[in-house]
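Engineer: Dropping a structure here in C-alpha cells format, bear with me for questions.
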Amino acid sequence: MNNSKVLATVNGQPITDADVDAMIQSLAQRGQRVTSQEERRAVLEQVINQKLLHLDAVRNLYEREPAFKAQLAQLKDSLLVSYALEKAFENIRVSDADVKKYYEEHPDQFAGEETVSASHILVDTEAEATDIRKRLDDGLTFETAARQYSKCPSGAQGGSLGEFGKGQMVPEFEQAAFSMEPGAISQPVKTQFGYHIIRLDSKHAAEKIPFEQVKEQIRAHLLAEKRQAAYRSKINQLKILYPVDLF
C-alpha cells in the first residue's frame, strides 16, 4: 500500500493512508481490530472528525485557556513519568541463556499433565443406565449404544469425548475416568447432567512441555521480574535524593 496516497482533504489539509494506519495501530493497542475495508473507511471518518475538531480548537484559541493549560501540564507530567520509567528499563535484557536456565531449574512448572481419552453414554435415569450397562455386558457395542441411547451430542460420534485433562469435566465424571484402566467400562456415574456410562479409551502420561512452546512466556516473566527489581531500586535511590515525609 502506498502510504502517501491522499484519501481526503480537510480545509485543504491532506489525510493519507499513513494517517489511517496510525489510527488503526492506536485502536489495536486498545484491543480494537480493523479487518475489513468497511471498517477502514469508518476509521478514515474518525481521522477526518479529529482533524475538524483540531481546526475548530485552533480557530477558537482553546490552547490559551487556563483549563487547557492545566490539562496540558498534567499530561506533560504523566508523559515525563512514563518516559522516566522507559529510561530506567531501557538497558534491561533477558538473554536466551537466562530463559533456558529458568526452564531447566524449574521443571515442576513445565511438567505437563496426565490426560485421558474417554467415551460416554448419557441418560436421564439410573434405571436406563443400568439397563444399557447390562446390554453392553451382553454384547452390544459401546458405539452402537451411544448412538442409540445417549442424549449427549457426542453420541453421534459413538460417545467419544476425545482427550481431556483434569479440571475439564465435572468432578464425579473426572474421578471415575481417571481411576479407570484403558478399555474398562464403568457402572452408572451420577452427575448434574444425568447418569453416565464411561469407557476409558486411553491414558496419556504427563509429558514435559517443550522449551520452544514456553520460551517466550518465560522471557516475559523474567523481563517483568527484572523491571520490577529495577523499579524498586530506582525508587529507593530517589528517596535518598528526594526525602519523603509521610504524615
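The values are calculated or read from the model by the stated rules, or taken from the named source; none is laboratory data. Only a predicted model underlies this, so the values are computations on that prediction, with no experimental measurement involved. Don't worry about glycine lacking a Cβ; one is built from the backbone with ideal geometry, like all the others, and counts go over all protein chains shown. Heads up: the accessible areas ignore ligands, DNA and RNA and are worked out on the full protein's heavy atoms, side chains in. Shrake-Rupley method; radii C 1.70, N 1.55, O 1.52, S 1.80 Å.
Engineer: Can we say K151 is more than 17 Å from D201 (Cα to Cα), open to solvent by 40 Å² or more (accessible area, probe 1.4 Å), outside any loop (DSSP other than H, G, I, E, B) and among the basic types (K, R)?
Structural biologist: no
Engineer: Further, regarding this structure: Do we find that F193 is over 30 Å from I92 (Cα atoms), hydrophobic (A, V, I, L, M, F, W, C), open to solvent by 80 Å² or more (accessible area, probe 1.4 Å) and at pLDDT 95 or above in this structure?
Structural biologist: yes
Engineer: Just one of L200, L238 is of a type in the set (A, V, I, L, M, F, W, C), farther than 23 Å from Y103 by Cα and in a strand (DSSP E or B); which is it?
Structural biologist: Only one candidate passes the filter, namely L200.
Engineer: Another question, if that's okay. From (1) open to solvent by less than 70 Å² (accessible area, probe 1.4 Å); (2) part of a helix (DSSP H, G or I), pick out the condition that doesn't hold for G139.
Structural biologist: The one condition G139 does not meet is (2).
Engineer: Take the residues of segment 57-85 that are of a type in the set (S, T, N, Q) and open to solvent by less than 100 Å² (accessible area, probe 1.4 Å): which is nearest to I235 (Cα to Cα)?
Structural biologist: S82
Engineer: Here's something else I'd like to know. Return the residues of segment 154-179 that are assigned to a loop (DSSP other than H, G, I, E, B), crowded, with 18+ Cβ neighbours inside 10 Å and out of contact with any Asp or Glu (no Cβ under 9 Å at 6 or more places or on another chain); say none if nothing qualifies.
Structural biologist: Result: M169, single match.
Engineer: When segment 100-131 is examined, which residues are found to be out of contact with any Leu (no Cβ under 7 Å at 6 or more places or on another chain) and farther than 30 Å from L200 by Cα?
Structural biologist: Residues satisfying the conditions are K100, K101, Y103, E104, E105, H106.
Engineer: Here is a follow-up. Condition check: farther than 17 Å from Y195 by Cβ, in contact with a helix residue (DSSP H, G or I) (Cβ under 7 Å, 6 or more places away or on another chain) and not in a strand (DSSP E or B). Does A145 satisfy that? Talk me through it step by step, then tell me what you get.
Structural biologist: Numbers: farther than 17 Å from Y195 by Cβ: no; in contact with a helix residue (DSSP H, G or I) (Cβ under 7 Å, 6 or more places away or on another chain): yes; not in a strand (DSSP E or B): yes.
Taking the combined requirement at face value, the residue does not satisfy it.
Engineer: Of everything in segment 206-216, what is open to solvent by less than 80 Å² (accessible area, probe 1.4 Å) and either farther than 14 Å from V99 by Cα or not aliphatic (A, V, I, L, M) (or both)? Give them in sequence order.
Structural biologist: Selection gives A206, I209, P210, F211, K215.
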